[in-house]
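Shown next, in structure tokens, is the structure this report addresses.
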Amino acid sequence: MDISIVIPLFNEQDSLDELTSRLDTVLKKYTYEIIYIDDGSIDNSWLTIETLAKNNINIKAIKFSHNFGKTQALNAGFAKAQGEIVFTMDSDLQDFPEEIPEMYQIMLAKNYDILSGWKLKRQDPVLTKNIPSKLFNYVARMSSGIKIHDFNCGLKAYKKVVVKSIELYGDMHRYIPILAKNNGFNKIGEKLVKHTTRKHGVSKFGSKRFINGFLDLITLLFVSKFANKPMHFFGTFGILTFVLGFFSAFYIGMEKLIKLFLLDIPEKLITTDPWFYISLTLMIIGTQFFLAGFISELINNSKRKHLLYSIQEYINFK
Ligand code: UDP
Ligand code: MG
């Protein structure tokens, strides 16, 4: 099969008819599947999909028991996708299905692992979406080293091996390119795509997205560097902090002893010295860091199996 289109949706009943017929039109000359993942809609989305699927063998669908989120929906779709190139797109008609054939050609021609859409003329409110999104993309670009402008663009194309190699969790759908790069898939391209305002329904992400988005980014950067070796992070900090605390305490103690016994100067109690408390705190924090690292290693050890590698290709395996 050439192409899979993975489409998460949550309460998008009014867009599905048009979306399906436009997809069918542009995909005519390919073998393809449209995988709808109904992420716990409470409107008539699922009914609409059932009706559409009755006389369209290219439609496949998954229904969640309740609203788990876009990331989880994508994950479920990726698990089932069979096309050599897997597309993701939003179901709200903001992305254009008409971009798919060209993106498909580029994927093949350039042998990209990922081709990300880039909404140059983004049709969303400037203050609540466009500006925060610029900032967000800047941080993501700088910290990941992936030179794309629009991490959050719903329209992206992936090689099948890429989507099969990554495990999404939390709200990580914004960072699939970073997860993929961590797995060694770093041929990442970008194509300008059209974008339009929402026709039906409302946006499903509030302003909380930016705080959550940044927290996820921090998690991700941490995880990508240290997931397999948490002790390297916590241990380093722990030891540094502890050593700093220990030597300050040692210094304070020695200073007092020397003054007292060698120089015969009467010294004040070391507990009146603020450094004493700082040293103690540093030693305690250091120990905590160290323990955190140790516990992370223990946890890692029990689930080592699927963290260590990702496969790029098979020959002759089913
Ligand atoms: N979506 C989903 N589950 C959710 C939230 C959103 O499947 O919990 C889908 C939604 O139906 C749409 C896509 O994810 O197809 C993008 O959502 P939305 O258009 O609300 O995001 P925005 O365009 O405002 O960034
Ligand atoms: Mg949208």
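Remark: relative contact order (the chain) = 17 percent; criterion is Cα-Cα distance under 8 angstrom and separation of 6 or more residues. Taking every protein chain into account, the accessible area of the chain amounts to 55 square angstrom per residue (probe 1.4 Å). For the cross-link pairs Lys160/Lys187; Lys110/Lys134; Lys29/Lys121, the ones whose C-alpha atoms lie over 19 Å apart are Lys110/Lys134; Lys29/Lys121.
Between helix 208-226 and the chain there is an angle of about 70 degrees, using the helix long axis and the longest principal axis of the Cα atoms. The simple spin-label model puts a point 7 Å past each Cα toward its Cβ; for Leu47 and Val139 those points are separated by 4.2 nm.
Every Cα-Cα pair of region 251-302 was included, and the share exceeding 17 Å stands at 55 percent. Annotation for Ile270 and Lys187: the two label points, set 7 Å from Cα along the Cα-Cβ direction, are 6.3 nm apart. Expressed as a whole percent, the proportion of Cα-Cα pairs in region 1-159 lying more than 29 Å apart is 18%. Directionally averaged projected area (region 129-200, Cα convex hull): 5.9 nm².
Its DSSP H runs of at least 4 residues, each contributing -39,500 (n - 2.57), put the calculated 222 nm mean residue ellipticity of the chain at -15000 deg cm²/dmol, to the nearest 500.
Applying the Karplus relation 6.51 cos²θ - 1.76 cosθ + 1.60 with θ = phi - 60° to region 265-277 yields 3J(HN,Hα) values of 8, x, 9, 6, 4, 5, 6, 8, 8, x, 4, 4, 6 Hz, where x marks Gly and Pro. For the peptides 218-224, 43-49, the ranking by packing is 43-49, 218-224, with the highest mean count of neighbouring Cβ atoms within 10 Å listed first.
The fraction of accessible area contributed by carbon and sulfur in the chain is 64 percent, rounded to a whole number (1.4 Å probe; ligands and nucleic acids excluded).
Taking a ≥ b ≥ c as the square roots of the Cα gyration tensor eigenvalues, region 207-251 comes out oblate, since a/c reaches at least 1.5 and a/b does not exceed b/c. In the chain, the DSSP beta bridges split such that about 25 percent are antiparallel, to the nearest 5.
By the compact-protein rule of thumb, 2.2 N^0.38 Å, the alpha-carbon radius of gyration of region 1-85 corresponds to a ratio of 1.02.
Spin-label pair Thr281-Thr25: with each label point 7 Å from Cα along the Cα-Cβ axis, the two points sit 6.6 nm from one another. The coefficient of translational diffusion for the chain, derived via Stokes-Einstein from the alpha carbon Kirkwood radius under 37 °C and 0.692 mPa s, stands at 145 µm²/s.
With only the Cα atoms considered, region 158-296 has a convex hull volume of 199 Å³ per residue. The residues neighbouring Met254, those whose beta-carbon lies less than 14 Å from its own, together hold a net charge of -1 under the Lys/Arg +1, Asp/Glu -1 convention.
Per residue, the average separation of C-alpha pairs within less than 8 Å and at least 6 apart gives region 205-302 a relative contact order of 41 percent.
Mind giving me the FRET efficiency for Ile258 and Gln288? R0 is 35 Å, r the Cβ-Cβ distance, nearest 0.05 is fine. With R0 = 35 Å, the Cβ-Cβ based efficiency is 0.65. The C-alpha atoms of the chain define a longest principal axis, and helix 100-110 lies at about 60 degrees to it. One chain, two ends: Glu18 and Ser302. Fully extended at 0.36 nm per residue, the span grows by 97.5 nm beyond their Cα-Cα distance. As I understand it, the value is the acute angle between the Cα axis of helix 45-54 and the longest principal axis of the Cα atoms of the chain; what does it come to in degrees, rounded to 10? The angle comes out at about 40 degrees.
According to the square roots a ≥ b ≥ c of the eigenvalues of the Cα gyration tensor, what is the shape class of region 64-126, taking rounded for a/c under 1.5, prolate for a/b larger than b/c otherwise, and oblate for the remainder? It comes out oblate by the Cα gyration axes. Applying the Karplus relation 6.51 cos²θ - 1.76 cosθ + 1.60 with θ = phi - 60° to region 136-147 yields 3J(HN,Hα) values of 4, 5, 4, 4, 4, 5, 5, 7, 9, x, 8, 8 Hz, where x marks Gly and Pro.
The values are calculated or read from the model by the stated rules, or taken from the named source; none is laboratory data. In this text the structure is predicted, and so the values were computed from the model without any measurement. Glycine gets a Cβ as well: all are built from the backbone with ideal geometry, and neighbour counts include every protein chain shown. These accessible areas exclude ligands, DNA and RNA; they are computed on the full protein's heavy atoms, side chains included. Shrake-Rupley method; radii C 1.70, N 1.55, O 1.52, S 1.80 Å.
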